[in-house]
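Structure record follows, encoded as structure tokens.
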Amino acid sequence: MGASILLVDDEEGIRTVLGISLADAGYDVATAASGEEALARFAQRKPDIVLTDIKMPGLSGLDLLERLKAADPEVEVIMLTGHGDMDLAIQSLKRDATDFLTKPVNDDMLEVALRRAEERISMRRRLRGYTENLEQMVRDQSARLVEAERQLAALQVMDGIASGIRSLCSALDDGGLFNELPCFVAVHNADLEIVSTNQLYKERLGHRIGSRSWEAYAGRGPGDRLCPVMRVLETGEGFRSNEVLLGRNGQEIPVIVNTAPIYGNDGEVELVLELSVDISEVRRLREDLRLTRERFRQLFDESPCYVAVMDRDFGVVEANRRYREDFGDPTGRRCHDAFAHRLAPCSGCPAGRTFDDGRPHQAETVVTARDGRQVNVLVWTAPLRDAEGAITEVMEMSTDITELRRLQDRLSQLGLLLGSTAHGIKGLLTALDGGVYRLGSGIARGDAARVQDSHQDIRHLVDRLRKMVLDLLYYAKNRELNWEVVVTRAFAEETAMLVEAKATERGVHFVRDFVEAGAEAGSTGNAETGADAGEATGTAQAGSSGSGGTADLGTFEGDTGALSSALVNLLENAVEACAADTRKQNHAVTFRVRGTPDEVTFTIIDNGTGMDRETREKLFTLFFSSKGSAGTGIGLFVASQVVRQHGGHIAVASEPGEGSTFTVSLPRRLPDAVRRGEAVEEERTENGA
């Protein structure tokens, strides 16, 4: 009959199948369905090996391991764990578990683990027997040496020393008590020579009697003060150290060396007794643990997603290599700061939900890499528990699905865009029907005022309908530019007229700052009077220092319809930002145009609500709107598309409560690719601090 085994698992199927396999292998098997039942069975049967599941209701496998080791430190415990419980498995090894196996249990791995446990039991029993006998043998030998010294102290000093040497060497050479020890034993004389060894020493290290003491050690040489034997001879004290002995075939054997001096009657060290214990198995186990940790570290770092571990304050305590490369080292920072540039935790944070209920959660969001890239990520969170089962940290794994979303969302976003604009178009068409009716009735009645008023309403509605359709067309496909040579000032005046009335209606002062070469620095396109005008002029002057251009507006090449729509979007947003700001009494929007020999710059400055960093970074993302239900989230996206199609770029500078500045820079001459009707390579929009 083989060793006795106690099998503990809360799943009856596993107990049955595994119990039959173990019984067939010759083991005496008992089973238990819980940790509590296992403790009772263990007290009754005292099995040699316990095979237990690591996760069980009630008393967990880790708690059972601690209870068993407290009751019997020498019991061998093998843990059964799932693939997701590797951290608990490592914890079990730290608590002196013999081994751990992952479910489903592989028969070969089970056999290896059981054999290893039996070898440990056998080795422990042999060592216990050796140890029990050793103390008595040492006492007996010491008593004999003391008695010999007493008998020979007076008349036979030299003979006593010789007799002691012969007695000790005889104990080694003739298979005496030292041959029973499971360690290497050697005696060295004061001349650093090996004078005797036990049988195990001869078998493993070779016949070294007569050799110099240091030759038995790897890396030791003549005069080496760290040689264990030399240290005893110099200090007269015993030592314990880690050394490496050389085997008979040159192989290295790690050992723990214990040396002790043997004194002559003159008080000098005559002999050195050396006992060395082979720790190759301990070193192998340590190396296995080190390799396991390295493999887990490598798996953590080489994971193709962003992995971070955070504490309950959302502080990042660990992050893998890809996370650090794309978002910088987050150690010591809050997750929402490092990952999303937010001052407070994200709404619906999956990590927070995992801390609350202890369950995995997922979410999808957009974050910003340190190079400014917008990254769509699918976030999964999982709890990390301590030995008592309390959640101490949460691991967050975020997969980059940017390209997937870019492909998948194209059709769905187009459908959403069509649905969201359908109601707007329907409303515009209804309003057009009303306008046409009013126009017809005005003509029929000869009411010129009614005709004029209806005509203005219809024109305004057609402009709105045209803008909505163009936005849809720009998003739905790459639209070729209908470009021409554009007179900059005339284009700016026409664009300003489209927004100025709306600004006036919302109580926002509108400033045109189109200064031609040779014109007076203070001239603008409209009159400025009163306190509002003074504040607006000050705003324009304050912003002009950063334009870096001349006053030569001249001409440029572009699609006036597309560019006008883009700039109107930016201007209307500036007006809305001012109207939404209730903390200031006077608001102004400045529309500035400047030119250099190579480009034309349109700058839109407002003193409205301003934006935080997160809003700035997502500003030109499709369907992103800071206006809530009042915005469609496509206007600025289309505006950025139009500017990029012209080979230009948009820069944004804004702070909450301080207003915003949008700078649109366009080349005077379209890129050759655009002139040929080809797509321009997309550039990243620049967001200022």
So Gly348 clears everything in (1) assigned to a loop (DSSP other than H, G, I, E, B); (2) farther than 29 Å from Arg613 by Cβ except one condition, right? Which one?
(2)
Which listed residue, of Arg204, Arg240, Arg248, is in contact (Cβ under 8 Å) with a residue 12 or more places away in the chain and farther than 22 Å from Leu127 by Cα
Arg248
Which residues, counting only those in the stretch 294-327, are part of a helix (DSSP H, G or I), closer than 20 Å to Arg385 by Cβ and touching a residue at least 12 places away in the same chain (Cβ under 8 Å)?
Phe296, Phe300
What's the number of the condition Cys346 fails, among (1) in contact with a Pro (Cβ under 8 Å, 6 or more places away or on another chain); (2) at pLDDT below 85?
(1)
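Within the stretch 425-461, restricting attention to residues that are in a helix (DSSP H, G or I) and acidic (Asp, Glu), which residue is nearest to Leu498 (Cα to Cα)? Show your work before the answer.
Filtering the stretch 425-461 down to residues in a helix (DSSP H, G or I) leaves 425-445, 448-461.
So of that shortlist, the ones also acidic (Asp, Glu) come out as 433, 453, 457.
Numbers: Asp433: 23, Asp453: 17, Asp457: 14 Å.
By that ranking, first place goes to Asp457.
Is the stretch 293-307 home to any residue that is among the hydrophobic types (A, V, I, L, M, F, W, C), surrounded by 14 or more Cβ atoms within 10 Å (Cβ to Cβ) and within 24 Å of Gly348 (Cα to Cα)?
Initially, the stretch 293-307 is screened for residues among the hydrophobic types (A, V, I, L, M, F, W, C), giving 296, 299-300, 305, 307.
Narrowing further to those that are surrounded by 14 or more Cβ atoms within 10 Å (Cβ to Cβ): 300, 305, 307.
Filter once more, so that each one left must be within 24 Å of Gly348 (Cα to Cα): 305, 307.
Yes, the stretch 293-307 contains a residue that is among the hydrophobic types (A, V, I, L, M, F, W, C), surrounded by 14 or more Cβ atoms within 10 Å (Cβ to Cβ) and within 24 Å of Gly348 (Cα to Cα).
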Does Gly415 count as in a helix (DSSP H, G or I), at pLDDT below 65 and surrounded by 13 or more Cβ atoms within 10 Å (Cβ to Cβ)?
no
Members of the stretch 91-123 that are surrounded by 12 or more Cβ atoms within 10 Å (Cβ to Cβ), part of a helix (DSSP H, G or I), touching a residue at least 40 places away in the same chain (Cβ under 8 Å) and more than 30 Å from the chain's Cα centre (by Cα)
Leu110, Glu111, Leu114, Ala117, Glu118, Arg120, Ile121
Just the residues that are assigned to a strand (DSSP E or B), more than 26 Å from Met395 (Cβ to Cβ) and not β-branched (Val, Ile, Thr), please, taken from the stretch 49-90.
Leu51, Glu76
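Could you check how many residues of the stretch 38-54 are crowded, with 16+ Cβ neighbours inside 10 Å and either over 18 Å from Arg116 (Cα atoms) or within 38 Å of the chain's Cα centre (by Cα) (or both)? So that I can check it myself, show each step before the final result.
So in the stretch 38-54, the residues crowded, with 16+ Cβ neighbours inside 10 Å come out as 38-39, 41-42, 47-54.
Next, from what is left, pick out any that are either over 18 Å from Arg116 (Cα atoms) or within 38 Å of the chain's Cα centre (by Cα) (or both): 38-39, 41-42, 50-54.
Here the count works out to 9.
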Would you check if there is a residue in the stretch 277-291 being in the same structural domain as Leu233 (by TED's automatic domain parsing) and touching a Phe, Trp or Tyr at 6+ places or on another chain (Cβ under 9 Å)?
yes
Just to be sure I understand, how many residues within the stretch 16-48 are among the charged types (D, E, K, R) and either part of a helix (DSSP H, G or I) or not assigned by TED's automatic domain parsing to the domain that holds Val105 (or both)?
5
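Given the structure, is Arg359 touching an Asp or Glu at 6+ places or on another chain (Cβ under 9 Å), part of a loop (DSSP other than H, G, I, E, B) and modelled with pLDDT of 80 or more? Give the steps one after another, and end with the answer.
Working: touching an Asp or Glu at 6+ places or on another chain (Cβ under 9 Å): no; part of a loop (DSSP other than H, G, I, E, B): yes; modelled with pLDDT of 80 or more: yes.
So Arg359 does not fit the description; no.
Scan the stretch 263-274 and tell me whether some residue there is of a type in the set (Val, Ile, Thr), surrounded by fewer than 17 Cβ atoms within 10 Å (Cβ to Cβ), over 51 Å from the mean Cα position of the chain (by Cα) and at pLDDT 85 or above. Even if it seems obvious, please write down each step before you answer.
Restricting attention to the stretch 263-274, the residues satisfying the condition of being of a type in the set (Val, Ile, Thr) are 269, 272.
From what is left, the residues that are surrounded by fewer than 17 Cβ atoms within 10 Å (Cβ to Cβ) are none.
Looking through the stretch 263-274, none of the residues is of a type in the set (Val, Ile, Thr), surrounded by fewer than 17 Cβ atoms within 10 Å (Cβ to Cβ), over 51 Å from the mean Cα position of the chain (by Cα) and at pLDDT 85 or above.
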Just one of (1) surrounded by fewer than 17 Cβ atoms within 10 Å (Cβ to Cβ); (2) not in a loop (DSSP other than H, G, I, E, B) trips up Phe339, so point out which.
(1)
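Please verify whether Asp224 is in contact with a Phe, Trp or Tyr (Cβ under 9 Å, 6 or more places away or on another chain), assigned to a loop (DSSP other than H, G, I, E, B), among the acidic types (Asp, Glu) and in the same structural domain as Leu273 (by TED's automatic domain parsing), treating the condition exactly as stated. Full working, then the answer.
Working: in contact with a Phe, Trp or Tyr (Cβ under 9 Å, 6 or more places away or on another chain): yes; assigned to a loop (DSSP other than H, G, I, E, B): yes; among the acidic types (Asp, Glu): yes; in the same structural domain as Leu273 (by TED's automatic domain parsing): yes.
Yes.
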Which condition number does Ser347 fail, the rest of (1) of a type outside the set (D, E, K, R); (2) within 26 Å of Gln91 (Cα to Cα); (3) free of Cβ contacts under 8 Å to residues at least 12 places away in the same chain being met?
(2)
Collect the residues in the stretch 1-21 that are of a type in the set (A, V, I, L, M, F, W, C), surrounded by 15 or more Cβ atoms within 10 Å (Cβ to Cβ) and within 25 Å of Ser122 (Cα to Cα), keeping them in residue-number order.
Ala3, Ile5, Leu6, Leu7, Val8, Leu18
Breaking point among (1) over 34 Å from the mean Cα position of the chain (by Cα); (2) surrounded by 12 or more Cβ atoms within 10 Å (Cβ to Cβ); (3) in contact (Cβ under 8 Å) with a residue 40 or more places away in the chain, for Arg126:
(2)
Glu403 meets each of (1) surrounded by 16 or more Cβ atoms within 10 Å (Cβ to Cβ); (2) at pLDDT below 90 with one exception, condition (1)
Within the stretch 353-368, considering residues that are buried (at least 17 other Cβ atoms within 10 Å of the Cβ) and in contact (Cβ under 8 Å) with a residue 24 or more places away in the chain, the one nearest to Thr381 (Cα to Cα)
Thr354
So, in the stretch 85-132, exactly how many residues are under 16 Å from Gly26 (Cβ atoms) and of a type in the set (S, T, N, Q)?
1
Which residue pairs have Cβ atoms under 7 Å apart, sit 6 or more places apart or on different chains, and have a first residue in the stretch 380-403 that is in a helix (DSSP H, G or I) and a second that is at pLDDT below 90?
Thr402/Val375; Thr402/Asn376
Quickly run through the stretch 570-621 and pick out the residues that are within 20 Å of Ala490 (Cβ to Cβ) and within 43 Å of the chain's Cα centre (by Cα).
Leu570, Leu571, Thr601, Phe602, Thr603, Ile604
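The values are calculated or read from the model by the stated rules, or taken from the named source; none is laboratory data. Everything numeric here is computed off the predicted structure, so don't read it as measured data. Quick reminder, even Gly has a Cβ in these numbers, built from the backbone with ideal geometry, and neighbours come from all protein chains shown.
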